[in-house]
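Below: the structure, in structure tokens.
None of the figures in this text is laboratory data; all of them are computed from the coordinates on show. Owing to the predicted nature of the structure, the values given are computational and were not obtained by experimental measurement. With ideal geometry, Cβ positions are generated from the backbone for all residues, glycine too; neighbour counts draw on all protein chains shown.
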Ligand code: ING
């Protein structure tokens with residue numbers, strides 16, 4: 001019996017700086033209702049889905065900066081989303097800026113949660129690869145101050161048994177690094193959920209701006225194929241506060257093939273029925289780690305090539 005999970009990737013168009021949480025949550029609710037109508041078991045929202053991508057600004061006033069963070073989840077603004085999820089029996093992934101008090105200290109993370117069909121938070125991840133820069137760079141058209149506003153995530157890359165399979169989370173820039181998928185792949189991940197806010201223009205390397213869409217899809221398709229896992233990548237898209245963000249939200253099979261892709265840069269739901277067993281042929285044949293990556297082979301390669309890297 002195939003383990004089929006019908007997934008909705010709920011891309012968001014721009015969120016204005018002054019857009020209220022309740023207004024944004026209403027957009028999320030509209031998309032969740034559409035997802036339910038189209039038979040979804042799970043809906044995936046972008047990174048930092050409750051606010052505009054505020055790391056594009058240098059915000060000196062701590063009180064103003066704190067306004068972009070959630071101090072609890074769920075909270076008054078997001079409770080209606082959790083309530084609807086429970087009523088409809090639909091799970092969801094949500095990215096948001098998290099303010100946490102742990103070990104008596106305040107911490108700020110770029111966070112994503114996985115909520116099951118009963119409305120219970122079953123997974124939580126904090127972004128590890130924080131791109132951009134830590135100090136204000138006034139010469140730039142816009143900033144990318146994630147290193148200033150967030151700490152590096154402290155959960156690693158865990159996976160969770162949920163929705164009848166093995167689920168993993170990562171966030172935005174994480175998707176560009178092979179180890180992100182590999183760490184989850186070695187734990188048997190069958191579906192990776194991720195959101196992103198990706199400017200069309202990369203201030204640090206404009207020379208590859210014309211390849212931004214290609215690199216976005218390449219990273220996720222490669223991660224899917226090389227680890228025999230589904231990947232659901234969901235954008236915050238469009239011209240947001242004067243900054244053009246790419247769309248390209250997509251649902252990618254373990255083969256690396258794109259099975260559904262957004263074609264707008266607005267709120268848009270794409271849906272696919274995902275067979276969670278589709279990754280098994282890849283995990284058990286071409287990427288069968290135990291069968292094809294044997295310690296003695298590795299040792300011999302090291303000796304032949306003079307790489308003296310001890311096998312841990
Ligand atoms: N955004 C971007 C991302 O990794 C970036 C950073 C922009 C990288 C443009 C390369 C080109 O998609 C976040 N939020 O990580």
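Fewest first, what order do 175, 293 take by the number of other Cβ atoms within 10 Å?
The fewest-first ordering by Cβ neighbours comes to 293, 175.
Using the Cα gyration tensor of region 84-140, with a ≥ b ≥ c the square roots of its eigenvalues, what is the shape: rounded (a/c below 1.5), prolate (a/b larger than b/c) or oblate (neither)?
prolate
What order do you get for 146, 266, 60 when you list them from fewest to most C-beta neighbours inside 10 Å?
Values: 146 25, 266 12, 60 8.
With the fewest neighbours first, 146, 266, 60 line up as 60, 266, 146.
Using the alpha-carbon centroid of each, what span in Å lies between region 221-268 and region 150-198?
So the two Cα centres are separated by 15 Å.
Counting other beta carbons within 10 Å of each Cβ, put 257, 151, 70 in order, fewest first.
257, 151, 70
Quick check on region 172-312: take the gyration tensor over C-alpha atoms, sort the square-rooted eigenvalues as a ≥ b ≥ c, and tell me if it's rounded (a/c under 1.5), prolate or oblate.
Oblate shape, in that a/c is at least 1.5 and b/c is the bigger or equal ratio.
For region 117-275, what proportion of DSSP beta bridges, expressed in % and rounded to the nearest 5, is antiparallel?
Given both bridge residues lie in region 117-275, the antiparallel proportion sits at roughly 55 percent.
Kindly work out what percent of the DSSP beta bridges joining two residues of region 4-305 are antiparallel, to the nearest 5. Please list the in-between numbers first.
Working: 38 of 57 bridges.
About 65 percent, rounded to the nearest 5.
For the chain, with a Gaussian network of springs between Cα atoms less than 10 Å apart, report the residue from 42, 114, 211 with the top mean-square fluctuation.
Evaluated over the chain, the most mobile residue of the options is 211.
Beta carbons within 10 angstrom, averaged per residue: use that to sort the peptides 92-100, 157-165, highest first.
92-100, 157-165
What shape does the chain take by its C-alpha gyration tensor, where a ≥ b ≥ c are the square roots of the eigenvalues and a/c under 1.5 counts as rounded, a/b above b/c as prolate, and the rest as oblate? Intermediate results must be reported in sequence, preceding the final value.
Details: a/c = 1.63, a/b = 1.24, b/c = 1.32.
Verdict is oblate for the chain.
Anyone know which of 256, 156, 168 comes out most mobile in the 10 Å Cα GNM of the chain?
So, out of 256, 156, 168, the one fluctuating most is 156.
Only Cα pairs under 8 Å and at least 6 apart count here; give the relative contact order of the chain as a rounded whole percent. Intermediate values should be presented prior to the final figure.
Values: 690 pairs, mean separation 64.3, N = 312.
That works out to 21 percent.
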